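Peer 1: Here it is, the structure, as structure tokens.
The values are calculated or read from the model by the stated rules, or taken from the named source; none is laboratory data. These numbers come from a predicted model, not from an experiment. Note that each Cβ is placed from the backbone with ideal geometry, even for glycine, and that neighbours are counted across all protein chains shown. SASA here: full protein model, heavy atoms, side chains in, ligands and nucleic acids out. Shrake-Rupley method; radii C 1.70, N 1.55, O 1.52, S 1.80 Å.
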Amino acid sequence: MTLLEVNDLSIRYAVEDADVHAVDNANFTVDSGETYGLVGESGCGKTTLAKSILHLLDSNGYIESGEMWFDGTLPQWEDGNGNPRKEIIDDDRYPVRADGMTNLAELSDSQIRDIRWREVALIPQSAMNALNPVYKVGDQIVEAILRHEPQTTKREADERARDLLERVGIDPERADDYAHEFSGGMKQRAVIAMAMACNPSLLIADEPTTALDVIIQDRILEELEQIQEEFGVSILVISHDISVMAEICDRMAVMYGGKIMERGTRDDIFRETANPYTLGLKNSFPTITQKQQQLVSIPGSPPHLRDPDPGCRFRKRCPFAVEDCERSHPPMYDVASVEETGRLQEAMDDRRHGSACYRTDELDEIRTKAMKEETWKETATQSH
Amino acid sequence: MEGNRNAESLVEIENVHKWFDMTQGVVDTLLGRDPQPVRAVEGVNLSIEKGDIVGIAGESGCGKTTLGKLLVKLYEPTEGEIRFDGQDISDMSREQQREFRQRVQMIFQDPFESLNPRMTVFDAIAEPLQINGMADSYEDRRERVKTVLNDVGLGPAEVYLDAFPSELSGGERQRVAIARALVVDPDFVVADEPVSMLDVSIRAGVLNLMKDLQDKYDLTYVFISHDLSLIRYMCDRTAIMYLGNVIEQGPTDKLIEDPKHPYTEALFDAVPDVEIADERRRANATGEVPSPRNPPSGCRYHPRCAHIIPPDDWQGSRDAFRRAYQYKIRLREADFEREEFDGDDGAERMLSIGLALDVPEEYRHSSELRGTGMGVDPSELDLPSETESSLRTATEKYLDGDRESAVAELDALRTVCADEVPQPRPIDERQVACHLYDDGEAMRTPAAPNAE
Ligand SMILES: Nc1ncnc2c1ncn2[C@@H]1O[C@H](COP(=O)(O)OP(=O)(O)OP(=O)(O)O)[C@@H](O)[C@H]1O
Ligand SMILES: [Mg+2]
């Protein structure tokens with residue numbers, strides 16, 4: 001079942017005399033109960049995309065266009081079963097469509113506050129450093145509960161806070177500790193507990209393990225899996241680390257320069273890799289299990305996103321670029337149907353394996369060539 | 001390695017300590033505690049052979065960077081000796097020091113900070129030449145800088161010579177930093193997390209460059225990284241550090257394929273991997289790295305260790321010993337709040353919670369799995385009955401407010417791991433500092449309770 005459907009989403013930041021195209025025309029769907037990953041290098045727009053869902057962009061950032069349909073709505077629009085009422089759906093003034101989904105992009109700032117925490121919770125990048133050090137950890141969770149569920153009593157909230165801490169593996173008696181008494185791993189667990197305070201159906205975790213040492217990272221990844229199992233929550237997880245993504249994601253989107261370049265199941269991305277950028281990324285990523293490996297970097301460096309030209313964002317670093325790539329950024333093609341029919345066919349369904357590359361119909365050749373080091377060397381000399 | 005001095009050793013580190021004294025942490029100040037020195041590096045022995053790339057790995061704060069800076073003489077050891085090409089680097093004449101500064105270079109983590117923003121690429125790279133009195137004329141320097149720029153893949157050099165760091169990408173800046181280290185034609189380069197600030201897609205280029213330059217410049221490297229996949233890619237040999245100690249060192253492939261020290265094992269188990277994502281075993285370690293101001297006695301790792309060694313006459317399982325011993329540590333450190341365990345069932349609750357292990361699910365005890373994971377049924381653990389009853393007595397004493405006799409009650413729970421500092425021993429081409437190997441190759445029993 002669809003929990004979040006993002007359509008043609010573009011986000012800009014206004015700077016001086018230009019616009020940063022931080023996210024451009026993104027399409028993807030997150031199902032209930034799954035872990036969906038946004039993976040890509042620094043500056044590709046992952047955080048921007050995640051924050052925009054909750055209208056938490058920096059003040060110069062804005063949603064240029066697009067929709068974010070979410071299965072959940074405002075309390076005042078709900079009937080007794082938590083579904084939007086018929087008159088709300090029928091009335092065009094409300095951004096609620098026939099299947100009961102609400103377009104988060106069209107909510108006002110005060111309306112989105114009713115979605116935050118209750119329906120969608122965000123664990124921001126470096127959240128563990130944002131815990132207030134002079135507050136008791138338990139109280140910080142209690143406060144979050146009371147703020148978003150005013151009808152809850154202090155006592156209930158307190159019990160829930162302890163229960164949440166216990167569920168993420170923190171001794172509930174430590175609810176009375178201050179954040180500075182917590183180790184890094186415990187802080188990160190507490191932040192997860194806090195995000196779960198109002199039992200959201202979508203948890204957005206931005207680089208949840210990036211600042212952690214590897215053994216603690218291992219535990220936090222397990223924690224996220226367990227939280228998902230217990231609460232049935234969907235997780236939208238963001239990371240630049242493809243090996244972390246390989247472990248926890250059911251499906252994912254690979255981003256580059258504000259664009260989704262490839263999306264699909266984990267196996268689609270790692271075993272049936274179709275996009276030149278993803279192929280390059282895999283080549284450059286060392287693995288612990290392989291003894292003999294030859295890493296190959298992608299020549300050049302990531303693009304800036306100020307008023308980008310219309311061509312493929314990756315073409316300047318891409319060894320497979322052709323003339324078409326100059327003209328416009330490629331649409332998302334349906335990899336399986338292209339492979340079947342040999343003809344380029346645009347993706348109709350977000351859930352299927354898609355790749356934004358004009359040469360998706362020459363996939364075999366591209367995959368073979370991408371494995372060779374020389375392939376990536378040639379562009380290097382061209383581009384400088 | 002100690003006692004095995006090789007004629008080809010370029011660097012020998014012998015029993016090196018570095019303590020950073022007495023600056024107080026905020027918490028110490030608040031609580032009015034006496035300042036404790038940070039024992040950043042403690043008793044490290046390591047020898048680095050000519051032409052090797054030696055990795056230094058470990059979690060943050062384990063002393064990697066400090067060791068690196070000791071090697072290039074940015075710090076002086078508190079104790080011990082470092083010899084470069086046979087010469088004690090703490091005891092060099094001026095002339096020797098000058099030579100050392102040319103032959104030994106360091107590359108830092110942050111390409112954005114290690115370059116002066118007001119210097120052009122040419123000035124930045126030429127500076128070490130001037131400092132070292134190499135290449136006297138401007139023309140010579142210009143030629144030399146151009147050659148090095150081409151060597152580090154920044155060619156044609158003319159494009160870069162007059163650029164400022166702000167005009168370069170992260171990868172380019174790190175290449176300039178490498179060029180700066182190489183321009184004086186060193187023999188030994190210490191690289192501290194040289195790619196951790198770089199984007200994944202450009203990292204590989206810098207790593208490969210470092211490998212290529214090794215041949216070309218006949219270099220020996222120390223490569224410091226917390227990223228074990230990078231260590232595997234780069235290093236012939238690796239030393240794993242934990243709280244200031246090198247706990248295992250040897251050929252990288254050996255360490256990864258068959259880790260001997262329980263910490264090495266946990267560290268490599270914890271690394272996620274694209275290839276084995278689903279079957280990966282998680283790390284069997286409890287807790288987190290304790291403060292280097294007050295490190296545990298004996299083996300620094302013993303409070304977290306999955307293979308902590310029971311006394312010879314221990315009748316229960318090893319898993320049960322690990323739990324009971326961790327319980328003792330927690331009593332000693334007053335880790336339980338007495339008020340939380342009021343009431344008739346208080347002692348039982350405390351025991352149940354205290355004997356639970358904070359480990360990944362696959363290592364939990366069946367009675368932990370039935371509950372929330374925060375409690376265990378002591379009677380289901382394979383504890384000798386006398387231990388079980390002294391655990392109960394100790395708990396009651398603790399709750400009565402008599403922590404000292406509570407801990408004394410558990411005096412029989414002893415382990416060599418806490419009592420003696422393990423000495424590095426040669427095993428299977430490496431050195432391992434772990435009591436499991438006191439009698440040579442260890443008898444390691446599985447630590448998972450379900451394997452009892
Ligand atoms: N407030 C802002 N004003 C202008 N540009 C911005 C602003 N915030 C972000 N950007 C730019 O938008 C792009 C996307 O940034 P974003 O933070 O979403 O990337 P990211 O993928 O999360 O990166 P990282 O991995 O470094 O966290 C970048 O080019 C960034 O420089
Ligand atoms: Mg980000």
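Peer 1: Testing residue A:55 on (1) in contact (Cβ under 8 Å) with a residue 24 or more places away in the chain; (2) away from ligand 2 (no atom under 16 Å from the Cβ); (3) assigned to a helix (DSSP H, G or I); (4) crowded, with 18+ Cβ neighbours inside 10 Å, one condition comes back false. Which one is that?
Peer 2: Unmet for residue A:55, out of (1) in contact (Cβ under 8 Å) with a residue 24 or more places away in the chain; (2) away from ligand 2 (no atom under 16 Å from the Cβ); (3) assigned to a helix (DSSP H, G or I); (4) crowded, with 18+ Cβ neighbours inside 10 Å: (3).
Peer 1: Just the residues that are part of a helix (DSSP H, G or I) and surrounded by 19 or more Cβ atoms within 10 Å (Cβ to Cβ), please, taken from segment A:78-88. I'd like the intermediate steps shown before the answer.
Peer 2: Keep residues of segment A:78-88 that are part of a helix (DSSP H, G or I), which gives A:86-88.
Passing the criteria: only A:88.
Peer 1: Sort out which residues of segment A:199-226 are closer than 22 Å to residue A:148 by Cα and surrounded by fewer than 19 Cβ atoms within 10 Å (Cβ to Cβ), and write them in order of number.
Peer 2: Step one: of segment A:199-226, the residues closer than 22 Å to residue A:148 by Cα are A:199-206.
A:199 - this is the single residue of segment A:199-226 that is closer than 22 Å to residue A:148 by Cα and surrounded by fewer than 19 Cβ atoms within 10 Å (Cβ to Cβ).
Peer 1: What's the total number of residues in segment A:29-39 that are away from ligand 1 (no atom under 15 Å from the Cβ) and open to solvent by less than 50 Å² (accessible area, probe 1.4 Å)?
Peer 2: Keep residues of segment A:29-39 that are away from ligand 1 (no atom under 15 Å from the Cβ), which gives A:29-36.
If we keep only those that are open to solvent by less than 50 Å² (accessible area, probe 1.4 Å) as well, we get A:29-31, A:33-36.
Summing the residues that are away from ligand 1 (no atom under 15 Å from the Cβ) and open to solvent by less than 50 Å² (accessible area, probe 1.4 Å) in segment A:29-39 gives 7.
Peer 1: Can you name every residue in segment A:101-140 that is buried (at least 17 other Cβ atoms within 10 Å of the Cβ), over 19 Å from the mean Cα position of the chain (by Cα) and closer than 26 Å to residue A:213 by Cβ?
Peer 2: Selection gives A:131, A:136, A:137, A:138, A:140.
Peer 1: Would you confirm whether any residue within segment A:186-200 is closer than 20 Å to residue A:54 by Cβ, within 13 Å of ligand 1 (Cβ to nearest atom) and not hydroxyl-bearing (Ser, Thr, Tyr)?
Peer 2: Looking through segment A:186-200, none of the residues is closer than 20 Å to residue A:54 by Cβ, within 13 Å of ligand 1 (Cβ to nearest atom) and not hydroxyl-bearing (Ser, Thr, Tyr).
Peer 1: Given (1) of a type in the set (A, V, I, L, M); (2) over 22 Å from residue A:150 (Cβ atoms); (3) open to solvent by less than 40 Å² (accessible area, probe 1.4 Å), where does residue A:98 come up short, assuming only one miss?
Peer 2: (3)
Peer 1: Another question about this same structure. Of the residues B:266, B:277, B:306, which is under 25 Å from the mean Cα position of the chain (by Cα), under 25 Å from residue B:232 (Cβ atoms), within 12 Å of another protein chain (Cβ to nearest Cβ) and at pLDDT below 95? Reasoning before the result, please.
Peer 2: Numbers: B:266 fails: at pLDDT below 95; B:306 fails: at pLDDT below 95.
Unique residue meeting the criteria: B:277.
Peer 1: Let me ask something additional. Which numbered condition in (1) away from ligand 2 (no atom under 12 Å from the Cβ); (2) within 14 Å of chain B (Cβ to nearest Cβ); (3) part of a loop (DSSP other than H, G, I, E, B) is the only one that residue A:73 fails?
Peer 2: Of (1) away from ligand 2 (no atom under 12 Å from the Cβ); (2) within 14 Å of chain B (Cβ to nearest Cβ); (3) part of a loop (DSSP other than H, G, I, E, B), only one is false for residue A:73: (2).
Peer 1: Hey, another quick one. Evaluate the following for residue B:425: is it touching a helix residue (DSSP H, G or I) at 6+ places or on another chain (Cβ under 7 Å), open to solvent by less than 30 Å² (accessible area, probe 1.4 Å) and among the basic types (Lys, Arg)?
Peer 2: Working: touching a helix residue (DSSP H, G or I) at 6+ places or on another chain (Cβ under 7 Å): yes; open to solvent by less than 30 Å² (accessible area, probe 1.4 Å): no; among the basic types (Lys, Arg): yes.
Judged against the criteria, residue B:425 is not a match.
Peer 1: Is it true that residue A:37 is in contact with a strand residue (DSSP E or B) (Cβ under 9 Å, 6 or more places away or on another chain), part of a strand (DSSP E or B) and within 16 Å of ligand 2 (Cβ to nearest atom)? Write out each step before concluding.
Peer 2: Values: in contact with a strand residue (DSSP E or B) (Cβ under 9 Å, 6 or more places away or on another chain): yes; part of a strand (DSSP E or B): yes; within 16 Å of ligand 2 (Cβ to nearest atom): yes.
Here the answer is yes, as residue A:37 does meet what is asked.
Peer 1: So which of B:74, B:70 ends up being surrounded by fewer than 18 Cβ atoms within 10 Å (Cβ to Cβ) and over 24 Å from residue B:270 (Cα atoms)?
Peer 2: On the way: B:70 fails: surrounded by fewer than 18 Cβ atoms within 10 Å (Cβ to Cβ).
Criteria check complete, one pass: B:74.
Peer 1: Report the residue count in segment A:40-52 for those that are open to solvent by less than 30 Å² (accessible area, probe 1.4 Å), touching a strand residue (DSSP E or B) at 6+ places or on another chain (Cβ under 6 Å) and either within 7 Å of ligand 1 (Cβ to nearest atom) or not hydroxyl-bearing (Ser, Thr, Tyr) (or both). Can you show your working first?
Peer 2: Of all residues in segment A:40-52, those open to solvent by less than 30 Å² (accessible area, probe 1.4 Å) come to A:40-41, A:44-46, A:48-50, A:52.
Add one more test, that the residue is touching a strand residue (DSSP E or B) at 6+ places or on another chain (Cβ under 6 Å), and what stays is A:40, A:44-46, A:48-50, A:52.
Then drop every residue that is not either within 7 Å of ligand 1 (Cβ to nearest atom) or not hydroxyl-bearing (Ser, Thr, Tyr) (or both), which leaves A:40, A:44-46, A:48-50.
Residues that pass the stated criteria total 7.
Peer 1: Also, I was wondering about something else. Which number in (1) within 24 Å of residue A:196 (Cα to Cα); (2) at pLDDT 90 or above marks the one condition that residue A:86 misses?
Peer 2: Of everything listed in (1) within 24 Å of residue A:196 (Cα to Cα); (2) at pLDDT 90 or above, residue A:86 misses just condition (1).
Conditions tested, residue by residue: (1) within 14 Å of chain B (Cβ to nearest Cβ); (2) out of contact with any Phe, Trp or Tyr (no Cβ under 8 Å at 6 or more places or on another chain).
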site	(1), (2)
A:92	no, yes
A:104	no, no
A:115	no, no
A:122	no, yes
A:127	no, yes
A:165	yes, yes
A:169	yes, yes
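Peer 1: Any idea which of A:99, A:92 is more than 13 Å from ligand 1 (Cβ to nearest atom), more than 30 Å from residue A:268 (Cα to Cα) and modelled with pLDDT under 95?
Peer 2: Values: A:99 fails: more than 30 Å from residue A:268 (Cα to Cα).
Exactly one residue qualifies, and that residue is A:92.
Peer 1: So is residue A:284 more than 10 Å from every other protein chain (Cβ to nearest Cβ), free of Cβ contacts under 8 Å to residues at least 40 places away in the same chain and either more than 16 Å from ligand 2 (Cβ to nearest atom) or touching a helix residue (DSSP H, G or I) at 6+ places or on another chain (Cβ under 7 Å) (or both) or not? Give the steps one after another, and end with the answer.
Peer 2: Values: more than 10 Å from every other protein chain (Cβ to nearest Cβ): no; free of Cβ contacts under 8 Å to residues at least 40 places away in the same chain: yes; either more than 16 Å from ligand 2 (Cβ to nearest atom) or touching a helix residue (DSSP H, G or I) at 6+ places or on another chain (Cβ under 7 Å) (or both): yes.
Spelling it out, it is not the case that residue A:284 is more than 10 Å from every other protein chain (Cβ to nearest Cβ), free of Cβ contacts under 8 Å to residues at least 40 places away in the same chain and either more than 16 Å from ligand 2 (Cβ to nearest atom) or touching a helix residue (DSSP H, G or I) at 6+ places or on another chain (Cβ under 7 Å) (or both).
Peer 1: Give A:61, A:80 a once-over and let me know the one that is more than 16 Å from ligand 2 (Cβ to nearest atom) and among the small types (Gly, Ala, Ser).
Peer 2: Step by step, each of A:61, A:80 is checked, and only A:80 is more than 16 Å from ligand 2 (Cβ to nearest atom) and among the small types (Gly, Ala, Ser).
Peer 1: I'm trying to understand the selection: among the residues of segment B:204-217, which are open to solvent by 30 Å² or more (accessible area, probe 1.4 Å) and either of a type in the set (A, V, I, L, M, F, W, C) or within 11 Å of chain A (Cβ to nearest Cβ) (or both)?
Peer 2: Hit for segment B:204-217 is B:211, nothing else.
Peer 1: In addition: Go over the candidates B:241, B:234 one by one and state the one that is within 25 Å of residue B:12 (Cα to Cα), crowded, with 24+ Cβ neighbours inside 10 Å, within 30 Å of the chain's Cα centre (by Cα) and within 12 Å of chain A (Cβ to nearest Cβ). If you could, list the steps in order and put the result at the bottom.
Peer 2: Values: B:241 fails: within 12 Å of chain A (Cβ to nearest Cβ).
After ruling out the rest, the residue left standing is B:234.
Peer 1: Among the candidates A:192, A:215, A:227, which residue alone is within 14 Å of chain B (Cβ to nearest Cβ), within 17 Å of residue A:119 (Cα to Cα) and either in contact with a Gly (Cβ under 9 Å, 6 or more places away or on another chain) or more than 16 Å from ligand 2 (Cβ to nearest atom) (or both)? Walk me through it before giving the result.
Peer 2: Values: A:192 fails: within 14 Å of chain B (Cβ to nearest Cβ); A:215 fails: within 17 Å of residue A:119 (Cα to Cα).
Matching residue, one of A:192, A:215, A:227: A:227.
Peer 1: Separate question: Could you tell me how many of the residues in segment B:97-118 are surrounded by 16 or more Cβ atoms within 10 Å (Cβ to Cβ) and not in a strand (DSSP E or B)? I'd like the intermediate steps shown before the answer.
Peer 2: Filtering segment B:97-118 for residues surrounded by 16 or more Cβ atoms within 10 Å (Cβ to Cβ) gives B:99-111, B:114-115.
Add one more test, that the residue is not in a strand (DSSP E or B), and what stays is B:99-103, B:108-111, B:114-115.
Of the residues in that region, 11 qualify.
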